[in-house]
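The structure appears below as structure tokens.
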Amino acid sequence: ANTTAVGLVNQSGRTIPVFWTWFDQNSNHGVDGCFPMTNKQYTGFNWATSSGVGMEGKRGYLVFAVGSGGGALTTATACAPANATLATQADAATSGQLAGN
């Protein structure tokens with residue numbers, strides 16, 4: 001089956017929340033989610049397994065964003081709603097850094 005697969009590596013030095021959102025070809029929000037990543041962790045993201053039922057064959061695009069939250073996040077707390085704001089340049093020292101392929 002056709003799918004999209006992305007590999008992400010956390011290079012931030014801490015645990016971070018990675019929020020993802022899928023938009024259809026007309027930029028309408030479809031589905032979204034979050035997963036925590038620990039420092040130096042590689043995470044493979046496979047659209048076919050993450051999208052849920054009914055998204056097969058739909059055209060669109062994925063957006064990944066690192067949330068805020070500072071250095072005290074754990075894998076249990078990283079995806080809390082309070083961390084669903086984008087890291088700003090002001091907190092760049094504690095914001096996440098991802099490398100993707």
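Computed from the coordinates by the stated procedures, all read-outs in this text should not be read as laboratory data. Quick caveat, the model's predicted, so the values are computed rather than measured. FYI the Cβ positions are ideal-geometry reconstructions off the backbone, even for glycines, and counts take in every protein chain you see.
When restricted to Cα atoms, segment 19-83 yields an Rg and a Dmax of 13.4, 40 Å, respectively. Compute the FRET efficiency between Ala76 and Gln11 as 1/(1 + (r/R0)^6), taking r as their Cβ-Cβ distance and R0 = 22 Å, and round to the nearest 0.05. With a Förster radius of 22 Å, E is 0.50.
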